[in-house]
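> Handing you a structure now.
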Amino acid sequence: MRGVYQEVVPPERLVSTESFDDYPGESLNTLVLLEKDGKTTFTITVRYQSQEIRDAVIKSGMEHGAAECYDKLAELLAPPEAPVMERGAEA
């Protein structure tokens, strides 16, 4: 795996490339952090060079691994007294 940061705007935006030895092409990842009312929303957009590459990555199951990583991040960042909600759960 390798990549290059293209843009860093603390504390709100990171843009980087990403490529893996097992997959063709390179993705462009844009991470945006938006704080409102004491809560931060994390949004990442991943753009692939073609639909075929995107489809190959999706078929690999990578979105499940990414979701696990994001869940773990939420768990690590949650205040000790606040329960961590699962994706898709409503308060």
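> Would you check if there is a residue in the stretch 8-19 being modelled with pLDDT of 85 or more, open to solvent by 60 Å² or more (accessible area, probe 1.4 Å), among the β-branched types (Val, Ile, Thr) and out of contact with any Asp or Glu (no Cβ under 9 Å at 6 or more places or on another chain)?
Among the residues of the stretch 8-19, at least one is modelled with pLDDT of 85 or more, open to solvent by 60 Å² or more (accessible area, probe 1.4 Å), among the β-branched types (Val, Ile, Thr) and out of contact with any Asp or Glu (no Cβ under 9 Å at 6 or more places or on another chain), which makes the answer yes.
> For the stretch 57-68, how many residues meet the condition of being over 15 Å from Phe20 (Cβ atoms) and surrounded by fewer than 11 Cβ atoms within 10 Å (Cβ to Cβ)?
Total meeting the criteria: 2.
> Taking Lys59 as meeting all but one of (1) at pLDDT below 90; (2) under 21 Å from Tyr5 (Cβ atoms), write down the number of the exception.
Exception for Lys59: condition (2).
The values are calculated or read from the model by the stated rules, or taken from the named source; none is laboratory data. On a predicted model such as this, the values are computed, not experimentally measured, just so you know. All Cβ positions, glycine included, derive from the backbone under ideal geometry; neighbour counts span all protein chains shown. Note: accessible area is taken over every heavy atom of the protein model, side chains too, but ligands, DNA and RNA are not part of it. Shrake-Rupley method; radii C 1.70, N 1.55, O 1.52, S 1.80 Å.
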